[in-house]
Amino acid sequence: MSDHQTPDDGRADTEALYWVARVHSGECTDEDRRALDEWLGQAEANRRAYDEVRATWDGMEPFKSAVIPEMRAARAYPRRRRLRLLPAAAAAALALATLASGFWLHVPPEAPQSYAFSSVEPRDIRLPDGSTVNLNVDSGLTVMFTEDSRTVRLERGEALFTIAEGDKRAFEVLAGNGRIRDIGTRFDVRIDEGTTSVAVLDGIVDVTVDRHGHAHRLMAGEAFDYDAAGRISPVRAVDAEARTAWTEGLLVLNGVTLEELARELARYNRIDIRVSDPAINEYRISGTFSIHGIDDMLGAIEAMLPVSVVREQSGILLLARPENRG
């Protein structure tokens, strides 16, 4: 085996990941490039795997700020060791790249694995244990896996977790000041203006909020909220289809206020939209809409409620009383 090859584990995708990291590491030499050309010419599978990983790298702009520092850290390893095996820092960077494209590179279990994700559009993430995360728009999370634990911290936004069976390690989600422990399940977690909402779609979760220190069990079809002060809402029934409609590109509204609607529209469409008159916030709206169908949604609001939509020169959208129409 050449000094320029990764361990011969029979996986072209693993070797391709190594080469993409090497090319973008800032230390790729002419000798490295000749070795890469040689490897690409050895098998069509090599070239196909390399092209796929390179395309993934080119399309992962939101993740590069997290990946590039890991690549730089990998350069601290001795050159010969760096070429002969995948060190933990480089493995973390490459695993992040593969997660972005929907497949997983196995990292040796003795190396703790930590990845940061952010999302400007809803996206699906596959975790190393086979679990999946649907990450909503304007959301972010950090994944921390070790030999003994599986932990995900939801930094902001919303995520739908589907936990793989057969792994003896506990799976926990940290959100706000709470800890959500999975007991074989599918559940949704959302952080919104300091309040965390947990909804169980299948199975069971135990939720511990710092102030109380004991676990609150939620069963399938149940949800509750907690805030930064440790206050916990009563358990309520949850409509699973409505709660997860965003994974299908839909927004299901069930008697929400106009201010709540404005926040949802702003979240999915990246616009500044406000309720200009507090008096109209008493109106409520229900229905199912495309998360990007803002014009249809605003048209429905005007048709159903005594509310007018005003577009100002600044581009800000306002929900106003008809008599305030400019």
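Go over the candidates Glu241, Glu259 one by one and state the one that is open to solvent by 50 Å² or more (accessible area, probe 1.4 Å), modelled with pLDDT of 90 or more and assigned to a helix (DSSP H, G or I).
The conditions single out Glu241.
Taking the stretch 262-280 on its own, how many of its residues are within 24 Å of Gly157 (Cβ to Cβ) and either more than 23 Å from the chain's Cα centre (by Cα) or not in a helix (DSSP H, G or I) (or both)? Walk me through how you get there before you give the answer.
Within the stretch 262-280, the subset within 24 Å of Gly157 (Cβ to Cβ) is 262-275.
Remaining after also requiring either more than 23 Å from the chain's Cα centre (by Cα) or not in a helix (DSSP H, G or I) (or both): 270-275.
Number of matching residues: 6.
Just the residues that are part of a loop (DSSP other than H, G, I, E, B), farther than 24 Å from Ala164 by Cβ and open to solvent by less than 40 Å² (accessible area, probe 1.4 Å), please, taken from the stretch 191-234.
Initial filter on the stretch 191-234 (part of a loop (DSSP other than H, G, I, E, B)): 193-194, 210-214, 220-221, 228-231, 233-234.
In the following step, the residues that additionally are farther than 24 Å from Ala164 by Cβ were identified as 193-194, 210-214, 228-231, 233-234.
Hits for the stretch 191-234 are Gly230, Ser233.
The values are calculated or read from the model by the stated rules, or taken from the named source; none is laboratory data. Computed from a predicted structure; not experimentally measured. So basically every Cβ, Gly included, is an ideal-geometry build from the backbone, and we count neighbours across all protein chains shown. Accessible surface is based on the protein model in full, side chains and every heavy atom, while ligands, DNA and RNA are left aside. Shrake-Rupley method; radii C 1.70, N 1.55, O 1.52, S 1.80 Å.
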